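S.K.: Handing you a structure now.
The values are calculated or read from the model by the stated rules, or taken from the named source; none is laboratory data. Note that the coordinates shown come from a computational prediction; the quantities given were computed from them, not determined experimentally. Positions of Cβ are generated from backbone atoms using ideal geometry, with glycine treated the same way; all protein chains shown enter the neighbour counts. Surface accessibility is based on the protein's heavy atoms, side chains included, excluding ligands, DNA and RNA. Shrake-Rupley method; radii C 1.70, N 1.55, O 1.52, S 1.80 Å.
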Amino acid sequence: MREELRTKIIAICDKKISSKGDNVGLSFYAFFANKNDNPELLMEAATWWIQTHKLDHFVKAHKIKDMIQGGL
């Protein structure tokens with residue numbers, strides 16, 4: 001996964017955790033605007049989330065952040 005996406009995911013997870021608490025869940029759509037302005041990056045996130053790690057639709061933000069920081 002490219003560094004741009006890793007950085008974005010960590011920032012969004014931090015924002016969601018700080019505003020909604022440590023138990024907040026999110027989907028990979030949380031990392032993108034409601035319009036498809038970067039389909040390549042969206043597909044990269046979807047592939048990582050769905051195909052590579054077989055994650056459920058909603059996953060705890062702290063788990064996603066830990067995975068990204070752990071190099072997964």
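S.K.: Between a first residue in the range 27-43 that is free of Cβ contacts under 8 Å to residues at least 40 places away in the same chain and a second residue that is charged (D, E, K, R) and outside any helix (DSSP H, G or I), which pairs have beta carbons less than 9 Å apart while being 6 or more apart in sequence or on different chains?
M.R.: From residues that are free of Cβ contacts under 8 Å to residues at least 40 places away in the same chain, the pairs are S27/D56; L41/R2.
S.K.: Report, by residue number, each residue of the range 36-52 that is surrounded by 13 or more Cβ atoms within 10 Å (Cβ to Cβ) and not in a helix (DSSP H, G or I).
M.R.: N38
S.K.: Follow-up question, since we're still on this one. Looking only at the range 23-35, filter to residues that are exposed (fewer than 10 other Cβ atoms within 10 Å of the Cβ) and either under 14 Å from K65 (Cβ atoms) or not charged (D, E, K, R) (or both); which one of those is modelled with the highest pLDDT?
M.R.: Top of the filtered list is N23.
S.K.: Specify the residue that is least open to solvent (accessible area, probe 1.4 Å); the eligible residues are those in the range 1-22 that are in a helix (DSSP H, G or I) and of a type in the set (D, E).
M.R.: In this case the residue turns out to be D14.
S.K.: Sticking with this structure for a sec: With respect to the numbered conditions (1) outside any helix (DSSP H, G or I); (2) surrounded by fewer than 11 Cβ atoms within 10 Å (Cβ to Cβ); (3) not hydrophobic (A, V, I, L, M, F, W, C), which one is the sole condition not fulfilled by H57?
M.R.: (2)
S.K.: A further question follows. Out of curiosity, is K65 touching a helix residue (DSSP H, G or I) at 6+ places or on another chain (Cβ under 9 Å) and on the phi < 0 side of the Ramachandran plot?
M.R.: yes
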